[in-house]
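To keep things clear, I will list the structure first and then write my remarks on it.
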Amino acid sequence: MVHATAADNQIRLMAAVTTSLVGEACRRHRTFPTASVALGRVLTGGLLLGSSLKDLEKITVQFHCEGPIGNIIAQSDAKGSVRGYVTNPEADVTSMNSYGKFDVRALVGGGTMYVTRDAGFEIGLMKEPYQGSVPIVSGEIGEDFAYYLAKSEQINSAVSLGVLMKVDEDEASFNQPVASPEFSLERLRVAAAGGYIVQMMPSADEDLINHLENILSDTPSVTEMIRSGLGPQEMLETVLGDLEISLLEETEPRFYCQCSRERALLIISALGEAEVRDMLVKDNGAELICHFCNERYQISAEELLELLKEYGEA
Ligand code: ZN
């Protein structure tokens, strides 16, 4: 992932190739193809917004959708870590849209997009979190990010987010116009994912804005560029044409969740003695599943007994 500027800081740029992390997210959550595309776009958009964060800041993007996918959540930090999920991973649509792509809009429907920025929680310098929200105007995700940036942060932006799903073993069979039962979970994988954001700073002059609008309307798709082997900086160079780019920062994005066995035990402990005793008596253990990464934590009867002892000591 890169964060860059161009035209004497009149343009700010972010771009990322997220193929493997989107692949991991989709494997973890066992998302169906259209849900995979939706989740991958939100994860990538969240990462790109997070690329300008400072040290301990976090950004959470939530799509509360009226469509069958439910909520789509992504949380990212300044180091390029992102985690996220959808409430209904098996939400799917059987037909492609008129462009021959997975119909993300049909899964998302309307709703509201929320962006929360918070900082410093870990070191006790709790800053008031910032939250902005806008209605979901498109449902294709990229356009919704652009709308959010324009309305809520007053930054005119072009946002392009793409996820290409491909049948694993046979490349030729992908370009079927209609999704068929052959598009099973096992056979489709994330073949390319990534995106970029081009932002006009308020100082940008009229000529530059017009020039950008012209070239942006004529760029290849993100997944085409990634499939042809371009990295994030090369994507920006392709998009911006003759404008020179100066790189500010480069990070290695990854799917990363902060959950752990210790945190799982803390959560159970916080439920209180009566609840823990109940788990022990009724279920002889407990199971916790992390929403963000779908990791399962099996807590044994012995561990619950250990927690009960701690209540006694407190
Ligand atoms: Zn987790």
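The values are calculated or read from the model by the stated rules, or taken from the named source; none is laboratory data. Computed from a predicted structure; not experimentally measured. Note: ideal-geometry Cβ built from the backbone for every residue, glycine included; neighbour counts use all protein chains shown. To get the accessible areas, we keep the full protein, side chains included, count just its heavy atoms, and leave off ligands, DNA and RNA. Shrake-Rupley method; radii C 1.70, N 1.55, O 1.52, S 1.80 Å.
Couple of notes before you dig in:
- Every test in (1) loosely packed, with under 14 Cβ neighbours inside 10 Å; (2) at pLDDT 95 or above; (3) closer than 21 Å to R83 by Cα is passed by S246 save one, and that test is (3).
- Qualifying residue in the range 254-261 (condition: part of a loop (DSSP other than H, G, I, E, B), away from the ligand (no atom under 16 Å from the Cβ) and under 22 Å from the mean Cα position of the chain (by Cα)): no
- Screening E234 on (1) touching a helix residue (DSSP H, G or I) at 6+ places or on another chain (Cβ under 7 Å); (2) closer than 20 Å to L48 by Cα; (3) in a helix (DSSP H, G or I) shows it passes everything except condition (1).
- Against the test of being open to solvent by 10 Å² or more (accessible area, probe 1.4 Å) and free of Cβ contacts under 8 Å to residues at least 60 places away in the same chain, the options Q62, Q75, Q10 yield a single qualifying residue, Q62.
- Considering the range 285-304, the residues that are assigned to a strand (DSSP E or B) and in contact with a Gly (Cβ under 8 Å, 6 or more places away or on another chain) include one that is farthest from the ligand (Cβ to nearest atom), namely S300.
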